[in-house]
Amino acid sequence: MKNSFFFLCLLFSFSSAQVFTKSSETNGEARDKSYDVLHYKIELSFDESKKMIIGKTTTTFVPYLTNFRSVEFDAEDMNFISVTMGKKSLIFDSLAASIRIKLDKEYSYKDTLTVTIEYTCVPKRGVYFIQPDSGYPNKPWQVWSQGEDMDNHHWFPSWDFPNDKATSEIIATVKNNYSFLSNGTLVSEKENKKTGTKTFRWMQNKPHSSYLVMFAMGEYAILKENVDGVPLEYYVYKNHVDDAKACYAQTGAIMKFFNEKIGYRYAWDKYAQVIVADFIYGGMENTSATTLMDRITVFNARARIDESAASLIAHEMAHQWWGDVVTCNDWRHLWLNESFASYFDPLYFEHAYGKDEFLHIMQQAQQAGINSDKSVGRKPIVSVGSYGSNIYPRGASVLNMLRFVLGDELFWKAINHYITKYQFQTVETDDFKNAIEEATGQNLYWFFDQWVYKAGYPKFDVSYSYNDSSKSISLTVKQTQTIDSLTVVFKTPIDIEIVTPMGSNTQRINIVQKESTYTLASTMKPNLVLFDKDNWILKEVTYSNRNVSEWKYQAELGNDVVARKTAIVELAKQDTAGEYIPLIAKISGGDKFWGVRQSAVVALGTIKTDSDIKKNALIAALRDKKSQVRASAATQLGKIKSSDVTTALRAALNDSSYSTEANALASLSKVDSLNVLPFIKERLNTWSYNNQIANTALNSLARLDSVEGVNTALLKVQYGADISGRNTAMNILRKYGKTRDDVKAMCVSLLNDKSGSIKFNAADLLGEIGNESHIAVLEVLANKKDDSASGAAKKAIEKIKERSKK
C-alpha cells in the first residue's frame with residue numbers, strides 16, 4: 001500500500017479464490033438472538049486433494065429463553081455426520097444455510113449447554129485452498145480462512161453475525177512441514193512422525209466476534225520479536241525473509257504509538273501477521289492474527305523506493321482496538337471499525353513523519369469522500385449498505401473533525417473512555433456518542449446528526465474585505481449546497497488564518513447559519529485570509545472575491561501544505577495561468593514538502609502555454625529526491641515534444657523507481673512514437689512490482705499499433721500470466737479488439753477461468769460485443785450462484801437480448 005491510509009482491496013485473484021468486496025450481505029439491523037455463545041472449540045483436519053475440511057465444532061452457549069427446545073447455528077454447504085450433547089445423539093435438520101437441532105428436553109436461561117457437531121465440507125467461501133497448478137507451478141500450498149463479513153459458517157457452525165462474542169480455540173492437524181496460525185496463544189504443538197502430521201492447539205481466551213476467528217497454514221519462516229511486552233510474529237515466505245524484515249520494520253513502532261496514544265494497551269496474547277497468496281483483500285484484522293496479501297506487503301528494495309507497507313500494517317493493527325476489542329453490533333455501524341482504522345493509520349504517519357504528511361493524507365481522504373458523493377450519490381455513514389469511501393476516508397475525515405471540535409485533550413480522553421467502557425463488547429454509533437459526552441460533558445447530537453446520520457458536505461462561498469479605519473476584516477460565509485432531507489445547513493467551528501506583513505494569527509468563528517458575516521480584528525491589511533486553516537473540515541470552498549496576488553502568496557508562502565497545494569491548483573486554472581509558470585516552476589523544485597512539489601509538477605503539465613521554463617522545471621523534477629515527484633514529472637513530460645525531453649525521458653528509463661521508469665516509457669510513446677518501439681518491446685516481459693512496467697509497455701504498444709497490441713494481449717490474458725498483466729490485457733481487448741472474432745472466442749474461454757476478476761471482465765465484455773450465440777455459455781456462469789462473476793454474466797445476457805430486439 002502506498003503512503004496513504006486507504007484500505008487496499010485489489011480486485012484480482014489468480015487462484016480458485018474468487019473476488020469479493022469487503023462488504024455485508026445482510027446490512028440491516030442486528031439479528032435477534034435466542035442464545036449467547038460462550039465458547040467455540042473447533043477441531044479440524046484437511047484433505048487438500050479434495051479441498052475438504054473434516055471438522056468437529058463444540059459450542060457452549062446459554063439460552064435467552066425460558067422454553068428453549070431447539071437451537072439453530074449458521075452452517076452452509078456442510079455434510080453433517082452427527083450432533084451430540086454429551087453422550088446423547090440429537091435430531092437435526094440441515095437447512096439451506098443453517099442447521100436446526102432439536103434438544104433432548106426444554107431448557108432455559110439458567111442452563112449452560114454444549115452441543116457438538118461433526119461434519120465435512122468443501123467450502124465455497126470462507127476457506128481457500130491455494131495450490132500450484134500447470135499455470136502457476138510456483139504457487140505455494142496454503143489453506144487460509146476469511147470470515148468477514150459472514151463467511152465463517154461455511155467451515156464451522158456458528159452464530160455468524162458480529163453481535164455476539166465468545167472465546168474460541170482451534171485444534172488442527174496438518175502436514176508436518178506446515179506452520180499453522182490461529183487466534184490467541186499457541187497452547188501446544190505435537191508431531192506425529194508415523195502419520196507425518198503436526199497438531200496445533202490455539203486458544204483465544206478473550207471474547208471476540210465469530211467473523212474474526214481465523215486460521216492460515218502453509219510453509220513459513222516465522223520471525224519473532226517482543227515490543228512493549230507484546231509478542232510480535234511474522235509468518236513470511238522462507239525466500240523473502242530479508243525483504244519481510246524491511247517491509248515490516250515499523251510494526252513495533254506502530255504498536256508503541258497506539259498503546260501510548262489510545263491509553264489502552266494492546267489486549268490480545270500476541271500480534272501475528274501472516275502473508276497469503278491470492279488473498280481477496282489487502283488485509284484482514286482477525287483477532288491477534290492479521291492476514292495480508294503477500295504481493296502488496298512484502299516486496300523488494302527497488303519497489304520500496306515507491307511503496308510502503310506501513311499504511312496497511314497500521315490500518316490492520318488499529319483494528320485490533322477498533323473492530324476487535326470493540327466491534328460494530330451490526331453492519332450499518334461498520335464505520336466504528338473501518339473509519340477508526342482509516343484514521344489511526346494517518347495518525348501514525350503524523351507521529352512518525354510529521355504534520356505535513358498527515359495533512360496531505362487527510363486532504364486525500366476528504367477528496368475521496370467528496371468524489372464518492374459525486375459518483376455514487378450521498379449516503380449517511382450509518383445506513384444500510386454504507387461502504388467503500390463512505391466509511392473509510394469519509395469516516396476518517398469525520399473523526400478528524402471530531403478531534404478539531406473537541407480539541408486534542410478531550411478527544412483522546414473520550415477515545416480512551418469509549419474503548420475502556422465497551423471493551424470486548426459490541427457497539428452502535430450512539431454508544432460512541434454517549435461515551436464522548438460522558439468523558440467531555442459536550443452535547444454532540446448536532447455533530448453526529450449532520451456528519452454521521454445525514455449525508456453530504458458544506459459548500460462554502462467566502463468573501464471578505466478589509467476596513468482600514470476599523471482595522472477589521474468583514475468575512476461573509478454562505479453555504480450553497482442543496483438543502484434537503486439528507487443534507488442540512490452545517491454547524492461547525494472554522495479557524496481563519498490572517499497573514500499580514502507582521503506575521504499570522506488564527507481566529508475561530510462558529511458557523512451556525514446558511515449565511516453569516518463575521519468581523520475579525522487585523523491591525524494591517526492582510527496578505528492572505530485563509531478559510532479553515534489546516535483543512536480540518538470536509539468541504540468545498542469558493543473565494544468569490546479573492547485576487548490572484550493572494551493565490552500567489554498562498555502557493556509560495558502558505559503555512560500549511562494543503563493551502564499551498566490548493567493555491568497551486570487554482571493558479572493553474574486561471575485564464576492567465578501561463579503568467580504563473582515561473583512561480584509554479586520555482587515551487588516544483590523548492591518547496592520543502594514533496595506533496596507540494598508534486599502538485600506543482602502536475603500543475604505545470606496542465607498549463608497549456610508552451611514555455612522553456614515549464615519544460616526545464618519538469619526535466620529538473622526528474623531528479624527530485626522523492627520518487628513520486630519524479631514519476632509525476634515523467635508523466636507530465638509526455639505532453640511536450642522536444643529533443644531534450646526525449647533525451648530526459650530515455651534517461652529516466654534507468655531510474656531506480658519502477659513507477660518513474662514506467663511513466664517515462666508511457667510518455668516516450670507519446671513524444672517519440674517513431675523510435676520508442678524497441679524500448680517498449682524489451683519491457684513487455686520485464687518483471688516489476690505489480691507488473692507496472694510490462695503493463696505500461698503493453699498499453700503503449702496497443703496505443704501505437706492496435707493490431708499488434710491486441711495480438712499481444714490475447715497471449716498475456718491467458719491463465720498462467722501475471723494477474724495484473726492479465727487484467728491489463730483484458731482492458732486492451734475491450735478498448736481495441738471489440739470487432740475481432742478471436743477476442744470474442746477468448747472471452748468465451750475465459751468464462752471458465754479460475755480468476756474471478758478475469759471471469760467477471762470476460763462476461764462483461766461479452767455483454768458489449770457478444771451475440772445470441774453466446775447466451776448459452778453465459779447462462780452456465782449465470783446459474784452458478786456462488787460464483788462472484790455470475791452477476792456479470794446475467795447482465796451480459798440482458799444486454800445481448802436487448803440489442804437483439806433492435
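The values are calculated or read from the model by the stated rules, or taken from the named source; none is laboratory data. Every value quoted in this text rests on a predicted model; they were computed, and no experiment measured them. Glycine also receives a Cβ, built like all others from the backbone with ideal geometry; neighbour counts cover every protein chain displayed. Keep in mind that these areas ignore ligands, DNA and RNA; they rest on the heavy atoms of the full protein, side chains included. Shrake-Rupley method; radii C 1.70, N 1.55, O 1.52, S 1.80 Å.
Worth a mention:
- Residue within region 308-325 that is open to solvent by 10 Å² or more (accessible area, probe 1.4 Å) and within 24 Å of residue 687 (Cα to Cα) present: yes
- Of the residues making up region 396-420, those that are farther than 17 Å from residue 490 by Cβ, in contact (Cβ under 8 Å) with a residue 12 or more places away in the chain and of a type in the set (Gly, Ala, Ser) number 2.
- Counted residues, region 162-192 - those being outside any loop (DSSP other than H, G, I, E, B) and either among the β-branched types (Val, Ile, Thr) or open to solvent by 10 Å² or more (accessible area, probe 1.4 Å) (or both): 17
- Some residue of region 98-112 being open to solvent by 20 Å² or more (accessible area, probe 1.4 Å) and closer than 17 Å to residue 152 by Cα: no
- Condition check for residue 541: in contact (Cβ under 8 Å) with a residue 24 or more places away in the chain and within 28 Å of residue 455 (Cβ to Cβ): yes
- Residue identified as among the polar types (S, T, N, Q), closer than 27 Å to residue 165 by Cβ and at pLDDT 95 or above among 416, 400: 416
- Among the conditions (1) under 30 Å from residue 747 (Cβ atoms); (2) touching a residue at least 24 places away in the same chain (Cβ under 8 Å); (3) open to solvent by less than 30 Å² (accessible area, probe 1.4 Å), residue 683 misses just one, which is (2).
- The set of residues in region 441-470 that are within 20 Å of residue 531 (Cβ to Cβ), under 29 Å from the mean Cα position of the chain (by Cα) and open to solvent by 30 Å² or more (accessible area, probe 1.4 Å) contains only 459.
- Out of 473, 436, 419, 494, sole residue that is open to solvent by less than 10 Å² (accessible area, probe 1.4 Å), under 30 Å from residue 260 (Cα atoms) and in a strand (DSSP E or B): 494
- For region 134-151, filtered to residues that are in contact (Cβ under 8 Å) with a residue 24 or more places away in the chain and more than 21 Å from the chain's Cα centre (by Cα), the residue that is nearest to residue 58 (Cα to Cα) is 143.
- Check on residue 378, surrounded by fewer than 23 Cβ atoms within 10 Å (Cβ to Cβ) and under 30 Å from residue 159 (Cα atoms): no
- Note on region 536-569: residues that are open to solvent by 50 Å² or more (accessible area, probe 1.4 Å) and either among the acidic types (Asp, Glu) or assigned to a loop (DSSP other than H, G, I, E, B) (or both) amount to 6.
- Cβ-Cβ under 8 Å pairs, at least 6 apart or on other chains, region 654-678 side open to solvent by 30 Å² or more (accessible area, probe 1.4 Å), far side aromatic (Phe, Trp, Tyr): none
- Of the criteria (1) surrounded by fewer than 22 Cβ atoms within 10 Å (Cβ to Cβ); (2) free of Cβ contacts under 8 Å to residues at least 60 places away in the same chain, which one residue 719 fails: (2)
Yes or no, residue by residue, for (1) over 26 Å from residue 633 (Cα atoms); (2) out of contact with any helix residue (DSSP H, G or I) (no Cβ under 6 Å at 6 or more places or on another chain):
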{"position": "500", "(1), (2)": "yes, yes"}
{"position": "518", "(1), (2)": "yes, yes"}
{"position": "534", "(1), (2)": "yes, yes"}
{"position": "554", "(1), (2)": "no, no"}
{"position": "565", "(1), (2)": "no, no"}
{"position": "575", "(1), (2)": "no, yes"}
{"position": "580", "(1), (2)": "no, no"}
{"position": "588", "(1), (2)": "no, no"}
{"position": "598", "(1), (2)": "no, no"}
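- Applying the criterion of being open to solvent by 90 Å² or more (accessible area, probe 1.4 Å) and part of a strand (DSSP E or B) to the residues of region 497-519, the residue that is farthest from residue 537 (Cα to Cα) is 519.
- Residue check, residue 533 outside any helix (DSSP H, G or I), charged (D, E, K, R) and either open to solvent by 30 Å² or more (accessible area, probe 1.4 Å) or free of Cβ contacts under 8 Å to residues at least 24 places away in the same chain (or both): yes
- If you go through region 149-161 and keep only what is crowded, with 24+ Cβ neighbours inside 10 Å and not in a strand (DSSP E or B), you end up with 152, 153, 154, 155, 156, 157, 159, 160.
- Selection status of residue 7, modelled with pLDDT of 95 or more, on the phi < 0 side of the Ramachandran plot, in contact with a strand residue (DSSP E or B) (Cβ under 8 Å, 6 or more places away or on another chain) and surrounded by 19 or more Cβ atoms within 10 Å (Cβ to Cβ): no
- Residue within region 584-604 that is assigned to a loop (DSSP other than H, G, I, E, B), at pLDDT below 95 and of a type in the set (D, E, K, R) present: no
- Residue in region 594-616 that is of a type in the set (Phe, Trp, Tyr) and either on the phi > 0 side of the Ramachandran plot or in contact (Cβ under 8 Å) with a residue 60 or more places away in the chain (or both) present: no
- Flag for residue 16 being of a type in the set (Gly, Ala, Ser), open to solvent by 30 Å² or more (accessible area, probe 1.4 Å), assigned to a loop (DSSP other than H, G, I, E, B) and modelled with pLDDT under 95: yes
- Positions within region 581-601 being of a type in the set (A, V, I, L, M) and surrounded by fewer than 19 Cβ atoms within 10 Å (Cβ to Cβ), in sequence order: 583
- Options 434, 416, 443, 510; residue that is more than 30 Å from residue 29 (Cβ to Cβ) and not charged (D, E, K, R): 510
- Condition met for residue 397 (open to solvent by less than 10 Å² (accessible area, probe 1.4 Å), of a type in the set (Ser, Thr, Tyr) and closer than 27 Å to residue 558 by Cα): yes
- The criterion of being open to solvent by 10 Å² or more (accessible area, probe 1.4 Å), touching a helix residue (DSSP H, G or I) at 6+ places or on another chain (Cβ under 8 Å), assigned to a helix (DSSP H, G or I) and within 30 Å of residue 30 (Cβ to Cβ) does not hold for residue 341.
- Residue match in region 199-210 (condition: at pLDDT 95 or above, among the charged types (D, E, K, R) and more than 24 Å from residue 265 (Cα to Cα)): yes
- Any hit, region 266-284, residues being open to solvent by less than 10 Å² (accessible area, probe 1.4 Å), touching a strand residue (DSSP E or B) at 6+ places or on another chain (Cβ under 6 Å) and among the polar types (S, T, N, Q): yes
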